[in-house]
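Participant: Quick one: the structure is below, and I'll ask about it shortly.
The values are calculated or read from the model by the stated rules, or taken from the named source; none is laboratory data. Remember, predicted model here, so these are calculated numbers, not experimental data. Positions of Cβ are generated from backbone atoms using ideal geometry, with glycine treated the same way; all protein chains shown enter the neighbour counts. Side chains included, ligands, DNA and RNA excluded: accessible areas come from the protein's heavy atoms. Shrake-Rupley method; radii C 1.70, N 1.55, O 1.52, S 1.80 Å.
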Amino acid sequence: MAPANPVRLKHREGFEELNAFWDTLDKMEHSVEDYAEVGLDFVEEPVDRVLEKIRSFEPQVSIIGQVKSGKSTLLNALIGETDLLPSDVNPWTSVITGIHVNSRQRPPHTRALFRFFDAHEWDRLVATGGRLGEMAARAGFSGEAKEVRAQVNEMRQTTEERLGDAFDELLGTSHAFPEIDKDVIDRYVCYGDPDELDAGASDGVFADVTKAADLYIDLPGLPRGLCLRDTPGVNDTFMMREQITLNAISDSRVCVVVLSAHQALSTMDLALLRIICSVEAREVLIFVNRMDELADPLGEAERIEVSIRRTLGRMGLAQDVEILFGSGAWANAALSPGEFTLGPASAAALGRMAKGKHLDTEEGMRLAAMDASGVPALHRAIAARVVDGPCRALLADVRSDIDAIIEMSETVENIAAQDGTTNIREGFGSRELSLSVAEVREAALEAFDERAAVVRGQLRERLERGQETFVESAIEALQAHINLYGEFSSWKHDPSSLRMAMKAAFTSATVRLRREGEAGLDMVMDGMDDIFHDDLGVTRDSGSVDFPEQPQHKAPTVLARTLSLDLEGPWWRRFWKFGHRKAAAKRYRALIEAEIAPLIDDLLTQVFDPAVQATREVIETFAMDQGAFARAVLDCAHDMTGDRDGSDEPRRLIA
């Protein structure tokens, strides 16, 4: 056996905590599989659900970044594949790309899967000019909105001409490939030079119509079931992909924000700041990349961190976000199979970073480059957050499910071991049980629906009140500005306070929703206890029953959506020039209300309502499992008394 590559070992060491979790989960899965072979048949469905939870588990990490921050280079370094994703300045990544590492969910015979926009999405883009065109029309820029639509239409015509008859055939479909090929990836996930495309080049030929890409790659030594998503950002020209990126981030439990060492956070994309504020701070990691291009990386790191903390401090996040420094280029150089090479400036910077380390051998240089790259440290930070968040939640959920299954099974087996006497209420059979269980389930769901509707209504009221408070404070600031600078001066009001108020309202509502979910589970348990005691003659300690884990709600990343208030282009500067103060106030109020109303609706329908539905499903499934448990108790009692055909043992799953 060939000796282990020390650079590869250092690259992987940051994932030790996550690999340890998978070892624990593997043991748990094997135990559940063993139990399934001997378990009673009424727990077959709950056992299958537990196994499905384990086998489908795939924590997601989103990678977002500034333009030219080296995001794709860093992602290649994170997985140890130095040239998987295109990382040149041009072409650049344009399509959200999921890299599924050692996945158990890979579609058959597929390593690369590319999904295209459907016809409705393309038609809406052309009709409105994307969100940029929608905002221009809302603000009264009819001429500019028309111009945006013309540009989008030109883009569509160019794409249709390039793809020919294949254009209509592609929409709403997907392409799958049995192997990962770099040339194939370049055709789907990056924008090439339009002039080169017209000349017959293949890079980016499908990028305009590709909605998402998924690559499945097996890498020994890296964690199983981890998905890293490379995002195109939220600042594409027509904001066509903005919501796709925000949806991906909301599905992730870790968000890595990649900044360039050449750009201070104070001048970073405002969209990145909005995203940082829309998710939980503990789930955000900031990685300052391209440190290899600085003359004094150690000294500059201190200055950069002070600048970043200052900017985050204005948003109340200064102490909560971890900041790491490094270079994807250094990591890729260390991992490259060929000769280890660095440019003179990069080598000099590495020498300053790696003082006191052995740099007189190629292996020493590679190890120093890997250590200075920050990639192992980033691995550790990602692993810690994944393990502490979704992994810990999954283990708690699975253990709760298993404990409930065992408790129910032991109760049935204890009844089977009795001397043939039962305390079932006379005349109480399968039909009566089904009606009673259905009554308990429907009562719990109806009560939950009513309480959830109250929470939703209060959330809407609070969101609208926050909108009105923001508008009033903004108009007061506008009046002060006009008094100071006159009525023809340009003005801008930062909507960050509005977003933070809306996030606080949403967070409060989800806390209340969780309490209502607990109340729903309690109601099911109380109703089923009555059935067990009064109808089945079984007394159980309901306090020992573990409720199923409620779902973890998605981050409200919809709040990071670009608003006209965020834009700095010449149209918007012209919009904020006023004729007189009454007109200014009226104009501002009309625009902000038109902008925020759909944001409130989307926060409710796209984020809160799915959270309600997920909680409702937990309550309903719990009620159904308790009903199956009660039926098993009834069947066992009937078997003992000979009231129905069957064996004198509870029925078990067939292995």
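Participant: Does D449 qualify as being in a helix (DSSP H, G or I), in contact with a Lys or Arg (Cβ under 9 Å, 6 or more places away or on another chain), of a type in the set (D, E, K, R) and within 30 Å of V32 (Cβ to Cβ)?
Facilitator: Answer is no for this residue.
Participant: What residue, among those in segment 81-110 that are small (G, A, S) and at pLDDT 90 or above, is least open to solvent (accessible area, probe 1.4 Å)?
Facilitator: G98
Participant: Still on this structure, I have one more. Does A301 fit the bill of being modelled with pLDDT of 90 or more, more than 22 Å from V7 (Cα to Cα) and either touching a Phe, Trp or Tyr at 6+ places or on another chain (Cβ under 6 Å) or open to solvent by 10 Å² or more (accessible area, probe 1.4 Å) (or both)?
Facilitator: Yes: the conditions hold for A301.
Participant: Quick check on segment 314-352: of everything there that is under 31 Å from the mean Cα position of the chain (by Cα) and open to solvent by 40 Å² or more (accessible area, probe 1.4 Å), which residue is farthest from K10 (Cα to Cα)?
Facilitator: R314
Participant: Now for a separate question. Being under 14 Å from Q626 (Cα atoms) and open to solvent by less than 20 Å² (accessible area, probe 1.4 Å) is the filter here; which residues of segment 405-418 pass it?
Facilitator: I405, M408, S409, V412
Participant: Can you name the number of the only condition in (1) surrounded by fewer than 23 Cβ atoms within 10 Å (Cβ to Cβ); (2) farther than 28 Å from L51 by Cα that R392 fails?
Facilitator: With (1) surrounded by fewer than 23 Cβ atoms within 10 Å (Cβ to Cβ); (2) farther than 28 Å from L51 by Cα applied to R392, the lone miss is (2).
Participant: Going through segment 412-462 one residue at a time, which ones are of a type in the set (K, R) and free of Cβ contacts under 8 Å to residues at least 24 places away in the same chain?
Facilitator: R431
Participant: Kindly indicate the residue of segment 617-655 that is of a type in the set (G, A, S), assigned to a helix (DSSP H, G or I) and over 15 Å from I405 (Cβ atoms) and also modelled with the lowest pLDDT among those meeting that condition.
Facilitator: A637
Participant: Any idea how many residues of segment 431-456 are over 20 Å from V524 (Cβ atoms) and surrounded by 12 or more Cβ atoms within 10 Å (Cβ to Cβ)?
Facilitator: Within segment 431-456, residues that are over 20 Å from V524 (Cβ atoms) and surrounded by 12 or more Cβ atoms within 10 Å (Cβ to Cβ) number 1.
Participant: Testing E426 on (1) assigned to a loop (DSSP other than H, G, I, E, B); (2) surrounded by 14 or more Cβ atoms within 10 Å (Cβ to Cβ); (3) out of contact with any Gly (no Cβ under 7 Å at 6 or more places or on another chain), one condition comes back false. Which one is that?
Facilitator: So the condition that E426 fails would be (2).
Participant: Here is a follow-up. Mind checking whether some residue in segment 53-75 is part of a loop (DSSP other than H, G, I, E, B), modelled with pLDDT of 85 or more and touching a strand residue (DSSP E or B) at 6+ places or on another chain (Cβ under 7 Å)?
Facilitator: yes
Participant: Please identify the pairs in which a residue from segment 1-21 that is closer than 21 Å to N332 by Cα has its Cβ atom under 8 Å from the Cβ atom of a residue that is assigned to a loop (DSSP other than H, G, I, E, B) and modelled with pLDDT of 85 or more, counting only partners at least 6 apart or on another chain.
Facilitator: From residues that are closer than 21 Å to N332 by Cα, the pairs are R8/G80; H11/G80; R12/G80; R12/L222; F15/L222; F15/P223.
Participant: Separate question: Taking segment 11-25 on its own, how many of its residues are open to solvent by less than 50 Å² (accessible area, probe 1.4 Å) and within 23 Å of M365 (Cβ to Cβ)?
Facilitator: 2
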